[in-house]
Amino acid sequence: MCRPRAQALGQQLIILDANSDREIETAFAMFVQRGAGALLVGTGTFSFANRERLVAMAARHALPASYSLREFVSMGGLMSYAASIPDAYRQAGIYAGRILRGEKPADLPVIQSTKFEFVINLKTAKTLGLTVPDKLLVAADEVIE
């Protein structure tokens, strides 16, 4: 589904999975070799556990990267757009309270995140030689300078 959309925009989508340290190195080498202009790092325990390394490698290869959690941006990543973790914990607390009051978990509705956070690291943008448009800065929930 993503590839046709990328092609419609005149872009090529490169999808690589990395599940080990060696695969991270290989994936970045492939991105650079194929001339990738940006990087999107998905969610998962592996990417979170390797967040310092992923941010450092994106910086070393001068790849603008968007991440799935604000923690990456706090460490020097360019930007993130993701569900608010504090809001997700609040929702989990509401669910726990309902269960403790006697509601059956199977009867509770499935809730999706409704609050998202957009975080931009201006220092990283400047290091990459990027100018962040004012529209994005105004839309950001947090701008790290």
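The values are calculated or read from the model by the stated rules, or taken from the named source; none is laboratory data. Note that the structure is a prediction, hence the values are computed from the model and not measured. Heavy atoms of the whole protein, side chains included, go into the accessibility calculation; ligands, DNA and RNA do not. Shrake-Rupley method; radii C 1.70, N 1.55, O 1.52, S 1.80 Å.
Below is a table of values for the structure above.
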{"quantity": "Scattering profile of the chain at q = 0.13 Å⁻¹ [log10 I(q)/I(0), Debye over alpha-carbon scatterers]", "calculated": "-0.70"}
{"quantity": "The range 39-128: antiparallel DSSP beta bridges as a percent of all, rounded to 5", "calculated": "55"}
{"quantity": "Accessible area of the range 1-109 divided out per residue, in Å², using a probe of 1.4 angstrom", "calculated": "66"}
{"quantity": "Amide H within-cut-off set for ILE144, under 5 Å, with H built and near neighbours excluded", "calculated": "ILE120, ASN121, LEU122"}
{"quantity": "Apportionment of accessible area to carbon and sulfur, the chain, percent (1.4 Å)", "calculated": "56"}
{"quantity": "Derived scalar couplings ³J(HN,Hα) [the range 41-50; Karplus, 6.51 cos²θ - 1.76 cosθ + 1.60; whole Hz; x for Gly, Pro]", "calculated": "9, x, 7, x, 5, 5, 5, 5, 5, 10"}
{"quantity": "Amide hydrogen neighbours beyond the local backbone of SER66, cut-off 5 Å, H modeled", "calculated": "LEU39, LEU40, VAL41"}
{"quantity": "Fraction in percent of alpha-carbon pairs per bin - 5 Å, the range 85-145", "calculated": "4, 14, 18, 13, 10, 9, 9, 8, 7, 5, 2, 0"}
{"quantity": "³J(HN,Hα) computed for each position of the range 102-111 - Karplus, 6.51 cos²θ - 1.76 cosθ + 1.60, integer Hz, glycine/proline x", "calculated": "x, 6, 7, x, 5, 8, 7, x, 7, 10"}
